[in-house]
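Accompanying notes for the structure given below.
What follows draws every value from the coordinates through simple rules; no lab data is involved. Being a predicted model, the structure only gives us computed values, none of them experimental. Heads up, the Cβs are rebuilt from the backbone with ideal geometry, glycines too, and the neighbour counts pull from every protein chain shown.
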């Protein structure tokens, strides 16, 4: 039972008598005179990013019932929770043979590949079922599924000095984790105990962050996979939870989707369905859907690539994340080439560093690749207009980073500030997402194709059946090495084609209308996509040759 | 719309700091919660990034935006730019001996009032207004003062308050409107709302009652003539009702007449409301105490009854010697003490106190709250030496520091963490008080007596002023009242959105959580709209135990407005239900999961809606107490939980909602459920639960749904017609 008030909206009522409502007391109880929300450009602002009404899956009665159910996310998390606690225990207690140990087999042969499929096809699908954030969130909420009103922990805000860089922190933790994984040889050929310790480390980190900071600060800013899933997930078909009627959202006076309502928590990801223009920060948890008292939130799907092509707001943290992630995947390919071994050994000797990978060449190569990409963007930006690009929301052409900053707030925002360099670099980076995503996916394929069948005898071994290392499936491969390289190159080509398609759309709207030399910008943009695709393919061939 | 003339330094001298509104654009979702609430329009939208952008030069640092941002995406770095608050001036008499002059002085001039009014931000979502139990439209009346229109200001006040002259003097604004002011929540001195309210009532012309005829023909009895009774009588009489008020004392006004001394609330102010009510034709019957046994008679003779008898029975400390002569209660002392001050007679001449021959008695007052301070200060005016003791630690005691300071300046000795252990006397009259020290470590814990810490004190008189309770006789008629005010289990989202909970314990509010206490008051206030029994409303202290004048007034006002809305009638006798006239306002409260139960509710709405019958369909989580109070017929529809025939019952949310339902006071109620296989005894159990809440169950129906989503609606016409008593030709409705 809540209490009543009536309110008026808009400046025009200031100073007027409060209106009455037909309540029991015949008059309003609390005279609220909220300003009218800004709605001038709202339709144009979201015209390109709002999913079509017909793509609302929650219109379906059964989908609606599932999403309304408070146990929805619990049952998605639960199987993964069981699997990863299995990883923790079996990694420590099980066999040291990484091919036979369930911990290494499930984590590196199957899970990582599946995560990439999910992010490319859906978006943040892994986030909704993630057992790490999920486990920590159960503790924070003191409940597996119930809507509780008081959270456990300190509920602090993540320091703004870090959080203002958005996804960049997540890229940092991904680089750190990847280096640790390479250094300790956790993933390939694999180390069950180290895999287990790594998972424990992630769980402890998650729980610590959930206990210190509010909501899913860990997932949004710190999780090593957040930047990767967030940026590559822009290719995904899940638009996420969005408003059905934006006017209703703008005039909502309570914002239960953000603050939490009777039936749902406030968005753990700091996302408002009323303004979401991509699937970047929608964790698909459905809390806003449950919390909205007006049933004004729906679950929408979208055409693939929409969240990278359509958004008017191009975020610098996403753009830099894409370039840094590209640097990392290039490093991971390059490290299989003999030239890298020479460089790494030389550096280790000079620095008295024990083993691969030397942190200097690790970071150096990643940053070098990132800087080369940024340099290409800088060259491209020279063909862009120097003057601030006038924003015209009513028409199609828009260049977010080239538009004049509307205030010092924008000027000082890492995510949103404007410059000639950014006017080209941001759209370029968004266009590169498919080829970067494809490269990450292609890199997981050898482990999958060569080893995934081992999972069957691995599980059978628990029950003393299946033959263990002598089993046929243990020694079976889905594809041979040559075939895998072909598939990898094929994946890269698909990613490259998707990038070219996305880049064409992005160039048309975000670059060409604002370029002094459209040809030059096109040349740089398409050339970069092709170079990345060809380079990645060549590296796969070289990797195979090296092994 | 700027509201402060210039940005000048605050009392803490932080003028030179630069104002910097920092929007955390990564996290700002462009929801505009800050934009629509910023008092100075310093926040705008950047349409491309769809985030908020700020204009520092317009910001005054009130931090309303910080308090209202759902994602903590905004931070104000800089000073709180507000002028110094006007000071409360005090009258300092040469001697307090027999001095009844009002001590707290009003604002001296219109210029000063305007200057103070300029401090008000005119917040779009004013938290002060939520802090005020009566929800006076504070920004509007302050705006009128600023614009120099006192009549308009008075008119704004009169919409919600019938006692602005009283409330402005006796309210503890620090924990109400002023404590909830934006400036207070930002850690600074709030607008002097109480002083401005008083300025308006003292300087604007007397406003005649705005007459209407919505209650013509209604005959209403009110028990008690205190603030709740005054507010109820005023609302009713101005709408043409015939009102009879029963007062057990010889003079009307209750607590505001006898309980608050003249130096706080002058007699001419306290009696003003009743002078007006008598002129308006209210039938006042003084010296008429209504006992529990007579309540049914009143219900038989009047269309509605409001019990506003207050909590007038003094609480006595059960100590040895408590029945000695020379031990009196606060009411006795205050009534006779005030009279002695007015007459110029000495304390020894007050017969009931038995101090004959004692020229300068020493009085021990038990308690340090409002009443105890009034007693102590009255005693000082009669020449007594006074010590007040309170068993609580001062940190946790619900006392007003301004009152304590005033009392101390008048020579009252106040000791906390002390309690009376026993009294001994000579010849049957009290002479010595044994006092022990206490310890208390938290507000939730009761103080404990320290062993071996007792001391004796010679006393001539002991006044027990620890508080009051509702008379146990009349309490039998109150159907469970008084209830205890408590924080809401689920905090109202609109109150959260206003930011009143964000900085909950401002220094100005003495570190009290203004949001929680305001909302607790509000929940109790809304209960006053709902009858405790058919045609019987309970308001004020009788409803919630000893509270404040303004809460009592708000209760009386709201109960009267509910009566005017529903126009109950005695014609059917006292036990036929609240609404003897035909059903006119139907509330269909629905808990629907897949939408079927809601659609049935809408189908019922179609059948019973007419020009005479207004029907609302609402989901359970949107239903307010005011909605319940609005309805003269409640229909509750819910789906049935369970797996085939196992664990069949009400869904969790419906059960939780039923628990929050207030007593329904005989509200006619119908129920329906939707089920797939077998509803078992859900309908019967639901009916029992509602009857337990005081509902009168009129109709019940169970609608069977199929897996395909179709519903058997064969019983819907009978169900609908039983509610209004009219058969309507209804189209076949199928839901899917």
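Which value in Å is the Kirkwood Rh of the stretch B:257-335 over different Cα pairs? Write down the numbers at each step before the final one.
Values: mean 1/r = 0.0616 Å⁻¹.
When all Cα pairs of the stretch B:257-335 are included, the Kirkwood radius is 16.2 Å.
Evaluate E = 1/(1 + (r/R0)^6) for residue B:710 and residue A:463, where r is the Cβ-Cβ distance and R0 equals 51 Å; express this FRET efficiency to the nearest 0.05.
Efficiency, from the Cβ-Cβ distance: 0.60.
What FRET efficiency comes out for the pair residue A:82/residue A:350, r = Cβ-Cβ distance, R0 = 51 Å, nearest 0.05?
On the way: r = 47 Å, r/R0 = 0.92.
Efficiency computed from Cβ-Cβ geometry: 0.60.
Give me log10 I(q)/I(0) at q = 0.15, 0.17, 0.22 Å⁻¹ for the stretch B:499-621, Debye formula, one equal scatterer per alpha-carbon, no solvent.
Rounded to two decimals, the profile gives -0.92, -1.01, -1.16.
Points 7 angstrom from Cα along the Cβ direction at residue A:367 and residue B:345: gap in nanometres?
Distance between the two pseudo-spin positions: 9.5 nm.
Quick check: the angle from helix A:72-93's long axis to the longest principal axis of chain A, C-alpha only, nearest 10 degrees?
30
Under a plain spin-label model, where a point goes 7 Å from the Cα along Cα-to-Cβ, how far apart in nm are residue B:449 and residue B:151?
6.4
What average count of beta carbons from other chains do you get within 10 Å of the Cβ of residues in A:248-254?
Working: counts 0, 2, 4, 2, 4, 8, 9.
Mean number of neighbouring Cβ atoms from other chains: 4.
List the equivalent ellipsoid semi-axes of the stretch A:69-232 in whole Å, largest first, each obtained as the square root of 5λ for an eigenvalue λ of the Cα gyration tensor.
So the three semi-axes of the stretch A:69-232 are 26, 19, 15 Å.
In a solvent-free Debye calculation with one equal scatterer on each Cα, what is log10 I(q)/I(0) for the stretch A:450-503 at q = 0.12, 0.19, 0.20 Å⁻¹, listed in the order of the q values?
-0.46, -0.67, -0.70
Take the eigenvalues of the Cα gyration tensor for the stretch B:585-724, scale each by 5, and report the square roots as semi-axes in whole Å, largest first.
For the stretch B:585-724, the ellipsoid semi-axes come out as 22, 18, 13 Å.
So how do A:55-61, B:327-333 stack up, highest first, on mean other-Cβ count within 10 Å?
Working: A:55-61: 15.9, B:327-333: 22.1.
Packing proxy ranking, top to bottom: B:327-333, A:55-61.
Take every DSSP beta bridge with both residues inside chain A and express the antiparallel ones as a percent of the total, to the nearest 5.
Close to 60 percent.
Sorted from largest down, what three extents in whole angstroms do the Cα atoms of chain B have along their principal axes?
90, 69, 57
Applying a 10 Å radius around every beta-carbon, put B:626-639, B:527-540, B:289-302, B:47-60 in order of their mean neighbour count, most first.
Most protected by this proxy first, the peptides run B:527-540, B:626-639, B:47-60, B:289-302.
Which of the peptides A:131-143, B:158-170 is most tightly packed, and how do the rest follow, going by the mean number of other Cβ atoms within 10 Å of each residue?
B:158-170, A:131-143
Could you work out how far the C-alpha centroid of the stretch A:506-547 sits from that of the stretch B:285-362, in angstrom?
That distance is 93 Å.
Ratio of Rg to Rh for the stretch A:25-145, alpha carbon only, Kirkwood?
1.19
I'd like the orientation of helix A:316-334 relative to chain A: the angle between its Cα long axis and the longest Cα principal axis, in ° from 0 to 90, rounded to 10.
10
Give me D for chain A in µm² s⁻¹, whole number, from Stokes-Einstein with Rh from the Kirkwood sum over alpha-carbon pairs, 37 °C and 0.692 mPa s. Write down the numbers at each step before the final one.
Working: Rh = 25.2 Å.
Estimated diffusion coefficient is 130 µm²/s.
Per-residue mean of other chain beta-carbon atoms within 10 angstrom of the beta-carbon, peptide B:114-126?
2
Quick check on the protein assembly as shown: what are the equivalent-ellipsoid semi-axes from the Cα gyration tensor, as sqrt(5λ), descending, whole Å?
Calculated on Cα positions only, the semi-axes equal 67, 36, 31 Å.
Kindly state, to the nearest 0.05, the FRET efficiency for residue A:455 paired with residue B:20, given R0 = 35 Å and r defined as their beta-carbon distance.
0.05
Cα extents of the stretch B:292-395 along the three principal axes, largest first, in whole Å?
54, 38, 27
Rounded to a whole number of µm²/s, how large is the Stokes-Einstein D of the stretch B:327-468 at 10 °C and 1.306 mPa s, given Rh as the Kirkwood radius over C-alpha pairs?
So the translational diffusion coefficient is about 104 µm²/s.
What per residue convex hull volume, in Å³, do the alpha-carbon atoms of the stretch B:98-251 yield?
142
Using just the C-alpha positions of the stretch A:248-322 as equal point scatterers, what log10 of I(q)/I(0) does the Debye formula give at each q in 0.13, 0.17 1/Å?
Calculated log10 I(q)/I(0) at the listed q: -0.42, -0.69.
Would you list B:22, B:267, B:135 from fewest to most Cβ contacts within 10 Å?
Least crowded to most crowded, the residues run B:267, B:22, B:135.
Calculate the spin-label point distance for residue A:545 paired with residue A:342, positioning each point 7 Å from the Cα along the beta-carbon direction, and give it in nanometres.
Calculated label separation equals 1.4 nm.
Using a 10 Å cut-off around each Cβ of peptide B:627-637, what is the average number of partner chain Cβ atoms that fall inside?
2
Taking chain B as the reference, fit the longest principal axis to its C-alpha atoms, fit the long axis of helix B:150-160 to the helix C-alpha atoms, and give the angle between the two in degrees, 0 to 90, nearest 10.
With both axes taken from Cα atoms, the answer is about 60 degrees.
Cα extents of the stretch A:277-433 along the three principal axes, largest first, in whole Å?
Principal axes ranked by extent give 64, 45, 30 Å for the Cα atoms.
Quick one: what do you get for the stretch A:316-546 if you divide its Cα Rg by 2.2 N^0.38 Å?
Cα-based Rg divided by the globular estimate yields 1.27.
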